[in-house]
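Q: Sharing a structure, written as structure tokens. Questions coming.
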Amino acid sequence: MDEIVQVNGVYKVIKKQVIVDNISFRIRKGNILALCGGNGAGKSTVLRMLCGIMQPTSGEIFVNQVQWQQNRKLYSQQIGYMPDDYQFNQGLTAEETLAFWAALKRVSKVRVLEVLETVGLIEHRKKKVTTFSKGMRQRLLFAQALLAKPPLIIMDEPTNGLDPYWMIQLANLLQQIREEGHSVVFSTHQLDIADSVADHILFLNKGQNVGEGSASELRDTYGSIHSAFHHSLGLLPSW
């Protein structure tokens, strides 16, 4: 099957409030999907359900034809997850932090150095993570998601805290990951990076899918990704 992710009619209700409202989408192998929307749009909740951290109130989620409820271990092996933030151990260096994750994932120490090189932290590997800037911590979280070379990389707001140089580098890394056959889904409120790297863009608002398409389709229809997003929110008239 060419699809690595199938999300079918997913709802999430928390304290009687609908957080995710009938979301469905597909991700093909080797493709990148961007979930775009403002704060409270439901992006993180969708990604946490896709990771298995949360379970949907109703609906189905498959990754490589596996459901979390059927085989949690096999399901988790399909995924590398980069959360939007993480409380690192204060006493560990970057290399020690990744070595801890590598041991959990049964990944070699050689791979630890490889991913530190990939995300531009190899020269900082002996520094304690608590001395890192927000952007450096983001890159370390990205590195741990890559450790086991999973088929699917899930990234929650990966651009938060990145300077302009590393925004460009992140886009390049995502392109590289795709070329290596990995699939990626990431959330962002920064439309430019979605435009530059995503094969498909899905706009979320109040937990609902309010528009989607490839970047080229959205540009052709609305003139730009920004205009497409504004239109999806009802802020611009159709043309």
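Q: Under 10 Å from the Cβ of Ile201, count the other residues' Cβ atoms, weight Lys and Arg +1, Asp and Glu -1, and hand me the total.
A: That sum, taken over residues with Cβ under 10 Å, equals -4.
Q: Highest first, please rank the peptides 151-161, 130-140 by the mean number of other Cβ atoms sitting within 10 Å of their residues. Could the numbers behind the result be given before it?
A: Details: 151-161: 21.2, 130-140: 17.8.
The peptides rank, most packed first, as 151-161, 130-140.
Q: Calculate, for Ser108 and Arg219, the FRET efficiency according to 1/(1 + (r/R0)^6) with r their C-beta to C-beta distance and R0 45 Å; round to the nearest 0.05.
A: Numbers: r = 43 Å, r/R0 = 0.96.
It comes out at approximately 0.55.
Q: Compare the peptides 8-17, 179-188, 207-216 by average per-residue count of other Cβ atoms within 10 angstrom and give them in order, highest first.
A: Working: 8-17: 12.9, 179-188: 19.8, 207-216: 17.6.
Sorting 8-17, 179-188, 207-216 by mean packing, highest first, produces 179-188, 207-216, 8-17.
Q: I've got another one for you. Could you order the peptides 31-43, 223-235 from most to least packed, using the average number of other C-beta atoms within 10 Å per residue?
A: 31-43, 223-235
Q: Tell me the label-point distance for the pair Asp85, Lys16, using the 7 Å Cα-to-Cβ offset, in nm and rounded to one decimal.
A: Placing both labels 7 Å beyond Cα along the Cβ direction yields 2.9 nm.
Q: Write down the accessible area per residue of the chain in Å², having rolled a 1.4 Å probe over the full set of protein chains.
A: 49 Å²
Q: Report the net charge of residues surrounding Ser133, where surrounding means a beta-carbon distance below 15 angstrom and charges are Lys +1, Arg +1, Asp -1, Glu -1.
A: +2
Q: With each run of n ≥ 4 DSSP H residues scored as -39500 (n - 2.57), what mean residue ellipticity at 222 nm is computed for the chain after dividing by its residue count and rounding to the nearest 500 deg cm²/dmol?
A: Taken over the chain, the calculation gives -11000 deg cm²/dmol.
Q: Further, regarding this structure: What does the extension gain come out to for Leu235 and Lys149, with contour length at 0.36 nm per residue minus their alpha carbon separation? Provide the component values of the computation, followed by the final result.
A: On the way: separation 86, 0.36 × 86 = 30.96 nm, distance 4.07 nm.
Extra length from Leu235 to Lys149 when fully extended: 26.9 nm.
Q: With only alpha-carbon atoms counted, please give the Rg and Dmax of the range 28-131, in Å.
A: Looking at the range 28-131, its Cα Rg and Dmax stand at 16.4, 46 Å.
Q: Gap in Å between the Cα centre of the range 1-25 and the Cα centre of the range 114-132?
A: Using only Cα atoms, the two centres lie 36 Å from each other.
Q: For the chain, calculate the relative contact order in percent as a whole number, restricting contacts to Cα pairs under 8 Å that are 6 or more residues apart.
A: Relative contact order of the chain: 26 percent.
Q: Here's a follow-up. Given a 1.4 angstrom probe, I'd like the percentage of the accessible area of the chain that is carbon and sulfur, rounded to a whole number.
A: On the way: 5670 of 11710 Å².
Result for the chain: 48 percent of the exposed heavy-atom area is carbon or sulfur.
Q: Turning to a different aspect of this structure: Using Cα centres only, tell me the gap between the range 30-77 and the range 160-216 in whole Å.
A: The two parts, judged by their Cα centres, are 16 Å apart.
Q: Within the range 178-239, which trypsin sites (Lys or Arg not before Pro) sit in a loop by DSSP and count at most 15 neighbouring Cβ atoms inside 10 Å?
A: Listed in order of number, the matching sites are Lys206.
The values are calculated or read from the model by the stated rules, or taken from the named source; none is laboratory data. The model shown is predicted, which means the values in this text are computed figures rather than measured ones. Quick reminder, even Gly has a Cβ in these numbers, built from the backbone with ideal geometry, and neighbours come from all protein chains shown. We work out accessible area using only protein heavy atoms, side chains counted, and drop any ligands, DNA or RNA first. Shrake-Rupley method; radii C 1.70, N 1.55, O 1.52, S 1.80 Å.
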